[in-house]
Each structure stands twice: as C-alpha cells, then as structure tokens.
1. Taking the chain as the region of interest, what is the percent of Cα-Cα pairs per 5 angstrom bin, listed from the shortest bin to the one with the maximum distance?
2. With n ≥ 4 as the cut-off for DSSP H runs, can you work out [θ] at 222 nm for the chain, using -39500 (n - 2.57) per run divided by the number of residues, rounded to the nearest 500?
3. In nm, to one decimal, how far is the modelled label at GLU121 from the one at SER71, with both set 7 Å along Cα→Cβ?
4. For the pair LYS148 and GLU47, what calculated FRET efficiency results from E = 1/(1 + (r/R0)^6), where r is the Cβ-Cβ distance and R0 = 30 Å, to the nearest 0.05?
5. For the pair GLU133 and ARG159, what calculated FRET efficiency results from E = 1/(1 + (r/R0)^6), where r is the Cβ-Cβ distance and R0 = 45 Å, to the nearest 0.05?
6. For Cα pairs less than 8 Å apart in space and 6+ apart in sequence, what is the mean separation divided by the residue count of the chain, i.e. the relative contact order in percent?
7. What is the total of Lys pairs in the stretch 5-128 with C-alpha atoms under 16 Å apart, excluding same-chain pairs fewer than 8 positions apart?
8. Can you tell me the FRET efficiency between LYS100 and SER36 if r is taken as the Cβ-Cβ distance and R0 is 25 Å, rounded to the nearest 0.05?
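Throughout, read-outs are computed from the coordinates displayed, never taken from laboratory work. Everything quoted here is computed from the prediction, not taken from an experiment. Neighbour counts run over all protein chains shown; Cβ positions are idealised from the backbone, glycine included.
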Amino acid sequence: MSLNLEQKRAIVAEVSAQVASAQAIIIAEYRGMEVSQLTRLRAKTREAGIYFHVIKNSLVRRAVTDTPYASLAQHMVGPLVYGIGSDPVAAAKVLYEFSKDNEKFVIKVGAIGDQVISREEITALAALPSREELLSRLLGTMQAPIAKFVQTLNEVPTRFVRGLAMVRDDK
C-alpha cells in the first residue's frame, strides 16, 4: 500500500519525536517471520516501553537526519524493524531475548547516541542488569554500612540486658 505525502510526513514526524527522546535504536531484520511472532514481540516491546515498528527505511533515514543517530542511515537496507527506547538495556534485552528463540529475527546493528554498536555489543548490553536492579544494588550497598552501625549500637544495650537477666537468674 502506497502512502501519500501527508501520511509520510506524519510518520517521519512521529519517528522524529521518538528519536529525539531515545537513548538507543536497535535495527533488526525480520525476513521470513510469521505475523504471529511479530505480534508477540510487539506486545513484549510495548510492555517494556519500546517504540517498535516496521517502517520504510527511507522514512526513517529522513527522521534520523541531523540527529546523533544519522550514522545508522548507511545500515538501513532490507526488510528492517526498528526498536527505539529510552532505556538502552531494556531495548537490547527484549530484542535479544526474542532473537535467541527466533533465528529468522536477526539483530543487525544499533546505536547509543552517536556511537554505532554491533550485534555483539548489543548482546553484551542485553546481559547487563536492568536499571531498577542496578539502582536496588546501589541502594543496598549504600545502606549496608548504616545497617551494620545501627546493629552494632543496638548490640551494647542488648548484651547489658542479657547480662542483667543472667545475674537475675543466678540469684
């Protein structure tokens, strides 16, 4: 189905808005995949907050012009799907997990800011813990010394009370 000029402008504007707030863009090839598989992937990406669409390459090239992601334009060849996310780890994780189960879904390349990243780097990015998990680890690390200090302060009166109880029990 051919798009008229207004529809193309609307798509370019929508993609430009997503690219403006994006931290990462991942490009994958979906040649030979069934619609049901792509539908499942769309549901997973929607849950993760990733903008995931099959868009004409020429429209995406226009959308990324004059952005840090302009270097991706040379990789936009063939039947591609675009995952644009504000959390690079979440985008990489969802698309990589799906590509492990579906060999027809092949991650080609991605970008974080103005740096193009390869498939191997996307795989490494997917192996990182999520932002929430990293924040919880950091918080746990920051709380550990305080918790130990409070436990140590609490131990002095506890030992005193136990000592008094032992003296009371002996008499």
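1. Spelled out per bin, shortest first, that is 1, 8, 14, 16, 15, 10, 6, 4, 4, 3, 3, 3, 3, 3, 3, 2, 1, 1, 0, 0.
2. -20000 deg cm²/dmol
3. Rounded to a tenth, the inter-label distance reads 0.7 nm.
4. Values: r = 38 Å, r/R0 = 1.27.
Efficiency, rounded to the nearest 0.05: 0.20.
5. Efficiency for this residue pair is about 0.75.
6. 26
7. 5
8. Values: r = 18 Å, r/R0 = 0.71.
Result of the calculation: an efficiency of 0.90.
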